Amino acid sequence: MNKINFMIALFQAAILLILAPLAIGLIKKTKALLQNRQGATIFQPYWDLLKNFRKEEVISETTSWIFRAVPLICFSSILISCLLVPTISINHSLKFTGDLIALVYLLALPRFFMALAGLDAGSAFGGMGSSREVMISSTAEPALILVLFTMAVTAGTTQAEEIIRTILQKGWMTYWPGTVLAFVSLFLITLAECGRLPVDNPATHLELTMIHEAMILEYSGKSLALIEWASMTKLLLFFTLLANIFFPWGIAQETSLISLGNSMIFFILKIGLFCLLLAFIETSTAKLRLFRVPDFLGTAFVLALLALLSQSILKLGL
Amino acid sequence: MNTHSFYLTQAITFFSALSLVSAFGMLSLRTLRLCIRTYAAQSLCLGFTAFLLGLSLRHYHVAIIAMVVMIVKGLLIPWFLDKVMEEVRIKRELDPFVSYPISMFIGVGLALVSYSLVDRVIMNDPFAAKGFSLALTLILLGLWLMVSRKKAMIQVLGLLVVENGLFVAALSTSFSMPMIVELGLVFDLLIAVVIMGMLIFRIQNTFSSINTEHLNRLKG
């Protein structure tokens, strides 16, 4: 029995890794359709990754071991954080290994090393990208922690599974205004953390505006593929957090093939909806000026702060 | 408590909380037209809250007032302010006295102050305490909007947020004032907004800007 649980836990993490390129493909396709373009198929990110994995790698002579280690660190820490977030079942993740606070720092680790890698090659763009990334993440991280604390206070635990279980048990009781604030805040943070449109444009390599792209400019071949895959998975990870913590309906509560299958269908539907929503937002907004980004994240932080305060002091509403 | 009234209370809590959130939205948005939309949303939320409250407590005059409020403050006043914006052709507040993130944080501080103040003063009636602290928060946020911005349009919106706060105060402490008083207030407000719109026009014509800083200068 324990073996089956362990397998399901691994399977949950594998789902995120496998579906991540598909989610990106769906977003790109939807954006293309909304802009009256044909667009590549939704499976294009898989081919891109495969091609990059097959290509030869070029590494600058001036780089140190950090440059070579960063893709592995990024990918493995995203992989570990996938194990902490329940996707289709709340009984089978490896929750004894860590909670949501560990998750926040597992997501911060690759960012730190990515910034180092940007600096390591010594190119001007890399340094620019690193400094921008650090500026954004230093304002996004406290907001993320506040959002997760808000949900943790609702359930009385920082384990993602237990939070989801509490919300499923209490039903509509848990949907007080603070939850909505936390949701909006987490969505804004997702946009910033994953380099989506109002903060960073994922589609261009325009030198003046890029953030994430600037840091990984020196990478090629397998390393690039690993980093790209990790950042795709990160987006799907945030979507999973949004979908499963705020709308946990349909997630499997017992171990049976039918409920797991049902839960899988629900999961894909929810993620699909989030992808469509993101595509709509990305086509309808323009990129913010870099110095406006702290304002954007400040809004996210204040929303999260209000959400957390409304747990105890501010009794929002009549 | 049966499920029907449970959902009703949930809806009342939700919509009145949205009014607070929209006040913070007005503190964070730069585009003046979006601010006007947010004000409209706030008034509609408050009107809907009052409507549901009137129905659930069987104070039908509150429901009638709520409908008038929704029409006047949610539709007529925003429509008129939109017209003014079309004429004035100034779209954004660029350099407020206090920067946007700091003004949001001060907003949170004001909310905390009013909630903790009201908590100490009104202890025996939880409904009035919650409602009055919401009202006080809205009033303070409206005042803060008025003093921290330079554009006349935002200052008008700040005044309107203060008025919304007063509406909540009346609603939560005494289930709104007598109908004739409330209706009189709403129509007075409409006239006031028209006059303020004219004033914005005049400021625009005289200084070709709706920046109220220009008004400090003496003009011979």
Cα-based Rg (one decimal) and Dmax (whole number) for the range A:1-68, in Å? 18.1, 52
Of B:99-107, B:36-44, ordering from highest average Cβ density within 10 Å down gives B:36-44, B:99-107
Bounding extents of chain A in its principal axis frame from Cα atoms, largest first in Å, are 57, 46, 43
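In Å² (nearest 100), what accessible area is buried between A and B, both sides summed, heavy protein atoms only, 1.4 Å probe?
On the way: alone 14930 and 11530 Å², together 24130 Å².
For A against B, buried area totals roughly 2300 Å².
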Within the accessible area of the range B:3-213, what % is carbon and sulfur when the probe is 1.4 Å and the other protein chains stay in place? 71
Whole angstrom only: what separates the Cα centroid of the range B:83-110 from the Cα centroid of the range A:96-118? 36
Would you list the P(r) distribution for the protein assembly as shown, with all Cα-Cα distances sorted into 10 Å bins from 0 and each bin expressed as a whole %? 4, 16, 24, 23, 18, 10, 4, 1, 0, 0
Isotropic mean projected area of the C-alpha convex hull, the range B:22-89 (nm²): 4.5
Distance (nanometres) between label positions extended 7 Å along Cα→Cβ at B:SER5 and A:MET7: 5.3
Most to least packed among A:120-130, A:140-150 [average Cβ atoms within 10 Å]: A:140-150, A:120-130
Angstrom value of the Kirkwood radius, inverse mean 1/r, which spans all Cα pairs in the range A:38-134: 16.0
Test of understanding: in a Gaussian network model of chain A with alpha carbons linked when under 10 Å, which of A:ILE90, A:ILE265, A:ILE164 would top the mean-square fluctuation ranking? A:ILE265
Between B:HIS59 and A:SER123, what FRET efficiency comes out of the Förster formula 1/(1 + (r/R0)^6) with R0 = 51 Å and r the beta carbon distance, rounded to 0.05? 0.15
Could you pull out every one of the lysines with an alpha carbon less than 24 Å from that of B:LYS130, ignoring same-chain neighbours closer than 8 positions? A:LYS170, A:LYS315, B:LYS73
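By Kyte-Doolittle mean hydropathy of at least 1.0 and Cα axial length of at least 24 Å, which whole DSSP H helices of chain B are selected? The partial results should precede the final answer.
Numbers: long enough: B:3-28 (37 Å, 1.07); B:32-56 (36 Å, 1.18); B:100-121 (32 Å, 1.29); B:126-148 (32 Å, 1.68); B:152-174 (33 Å, 1.60); B:179-207 (42 Å, 1.87).
Long hydrophobic helices here: B:3-28, B:32-56, B:100-121, B:126-148, B:152-174, B:179-207.
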Give me, ordered by chain and number, the residues 5 or more places off A:SER89 or on other chains with an amide H under 5 Å from its own placed amide H. A:ALA252
Cα gyration tensor of the range A:210-314 diagonalised, 5x eigenvalues square-rooted, in angstrom largest first, produces semi-axes 29, 25, 14
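Using a 1.4 Å probe, what is the accessible area per residue for the protein assembly as shown, in Å²?
Details: 24130 Å² over 538 residues.
In whole numbers, the protein assembly as shown has 45 Å² accessible per residue.
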Taking only the alpha-carbon atoms of the range A:106-196, what semi-axes of the equivalent ellipsoid follow from 5 times the gyration tensor eigenvalues under a square root, in whole Å, largest first? 35, 13, 8
Whole-Å distance linking the alpha carbon centroid of the range B:190-220 with that of the range A:216-271 is 54
Please compute the modelled spin-label separation between B:VAL68 and A:LEU277, points set 7 Å along Cα→Cβ, answer in nm with one decimal. 3.9
Backbone N within the range A:267-297 under 18 Å of label point (7 Å from A:ASN36 Cα along the Cβ vector): A:283-285
In chain A, what percent of the accessible surface is made up of carbon and sulfur (1.4 Å probe, ligands and nucleic acids excluded)? 69
Provide the descending list of Cα extents for chain B along its principal axes, expressed in whole angstroms. 65, 33, 28
Distance in nm between B:ASN124 and B:GLU213 label points, each 7 Å along Cα→Cβ, equals 5.2
For chain B, set up a Gaussian network in which alpha carbons nearer than 10 Å are linked by springs, and say which option among B:LEU143, B:LEU199, B:LEU27 fluctuates the most. B:LEU199
Expected field for A:PHE274, accessible surface area in Å² at 1.4 Å probe radius, rounded to 10, holds 20
Select from A:LEU106, A:GLY127, A:CYS82 the residue farthest towards the positive end of the dipole of the range A:39-127; place +1 on Cβ of Lys and Arg, -1 on Cβ of Asp and Glu, and compute about the Cα centre. A:CYS82
Connecting every pair of Cα atoms under 10 Å apart in chain B and solving the GNM, the largest mean-square fluctuation among B:GLY54, B:GLY109, B:GLY197 falls on B:GLY109
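The values are calculated or read from the model by the stated rules, or taken from the named source; none is laboratory data. Since this is a predicted model, take the numbers as computed values, not measurements. Ideal geometry is used to build each Cβ from the backbone, glycine not excepted, and the neighbour counts take in all protein chains shown. With ligands, DNA and RNA removed, areas are computed over all heavy atoms of the protein, side chains included. Shrake-Rupley method; radii C 1.70, N 1.55, O 1.52, S 1.80 Å.
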